[in-house]
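Readers should treat all values here as calculations from the given coordinates under stated rules, not as data from a laboratory. The structure displayed is predicted, hence computed values, not measured ones. Don't worry about glycine lacking a Cβ; one is built from the backbone with ideal geometry, like all the others, and counts go over all protein chains shown.
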Amino acid sequence: MKNIVIIDYGCGNIKSLLNSFNFLNLNAIATNEKNIIKNADYLVLPGVGAFPAAIKVLKEQKLDEIIKDHFFKKKPLLGICLGMQLMLELGNELESTKGLNLIKGSVEKLPLTETKKSKFTIPNIGWYNLEQNNLNNPNIFKVNKSKRFYFIHSYYCNVSDKTKILHYTNFNDFKFCSSFYFENLIGFQFHPEKSRESGLNLIKSFTNL
């Protein structure tokens with residue numbers, strides 16, 4: 001049986017994630033118990049809120065090193081929304097803050113041009129398509145171009161190595177990284193647990209790594 005653990009550190013939508021795994025008949029638990037997290041086969045880091053506050057909580061609870069250890073042991077690790085952003089080197093929300101540094105890059109604010117303010121707002125809330133990055137194209141995470149996924153965010157991951165980007169999404173004529181994938185690390189800027197069948201399929205794909 002797959003041992004799937006969602007890190008409950010007070011900064012994530014835990015209930016909807018648990019419901020998604022249960023719907024897929026996958027045995028997942030949400031906890032901040034270090035011994036349980038250490039023994040996870042699959043680890044999920046959700047996140048809502050601000051980058052500096054979230055990374056501070058992880059460090060105070062000494063969960064940051066456990067997450068890194070999980071990654072370096074080549075066990076599957078998934079970051080969702082803010083959880084994805086925390087995987088990067090640096091966050092530039094409110095103040096410059098060091099992240100978990102599992103993937104090179106920085107977290108930046110979505111740009112909003114004067115001419116598009118009537119249509120687009122920040123935070124960006126809504127349903128968007130995913131565009132596959134041809135430089136990183138594994139079959140396991142392919143999605144239908146017509147399907148939409150649910151986003152709610154003001155910042156995006158500016159990943160240094162574009163070959164690690166899995167999908168792009170267009171916001172305000174700006175194409176940003178909406179997911180990344182390399183080795184055993186996955187990041188989704190959108191919320192797969194709120195993205196209907198297409199999102200559930202991506203969660204299932206993660207647990208098949």
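A few remarks follow.
- D (Stokes-Einstein, µm²/s), Kirkwood Cα radius, region 67-172, 1.002 mPa s at 20 °C: 141 µm²/s
- Expressed per residue, the C-alpha convex hull volume of region 129-171 stands at 81 Å³.
- Exposure proxy ranking, count of Cβ atoms within 10 Å, fewest first, for Ser154, Ser179: Ser154, Ser179
- With contacts taken as Cα pairs under 8 Å and at least 6 residues apart, region 4-206 reaches a relative contact order of 19 percent.
- Sum of -39500 (n - 2.57) over DSSP H runs of 4+, divided by residues of the chain (222 nm, nearest 500): -6500 deg cm²/dmol
- With 5 Å bins from 0: P(r) over region 56-97, alpha-carbon pairs, percent: 6, 19, 27, 30, 13, 4, 1
- Principal axis dimensions, largest first and in whole angstrom, of the chain by Cα: 52, 37, 30
- Exposure proxy for Cys177, Cys81: other Cβ atoms within 10 Å of each Cβ, ordered fewest to most, give Cys177, Cys81.
- Short-range pairs are left out: with C-alpha atoms under 8 Å and at least six residues apart, the relative contact order of region 82-133 is 25 percent.
- The charge dipole of region 4-206, taken about the Cα centre with unit charges on the Cβ atoms of Lys, Arg (+1) and Asp, Glu (-1), comes to about 400 debye, rounded to the nearest 20.
- Cα gyration tensor, region 4-112 - rounded (a/c under 1.5), prolate or oblate: prolate
- For Tyr155, distant residues with modelled amide H under 5 Å away: Leu110
- Across the options Pro138, Tyr150, Phe174, the greatest Cα extent toward the positive end of the charge dipole of the chain (unit charges at beta carbon of Lys, Arg, Asp, Glu) belongs to Pro138.
- R0 of 25 Å, Cβ-Cβ distance Lys194-Lys2: FRET efficiency to nearest 0.05: 0.65
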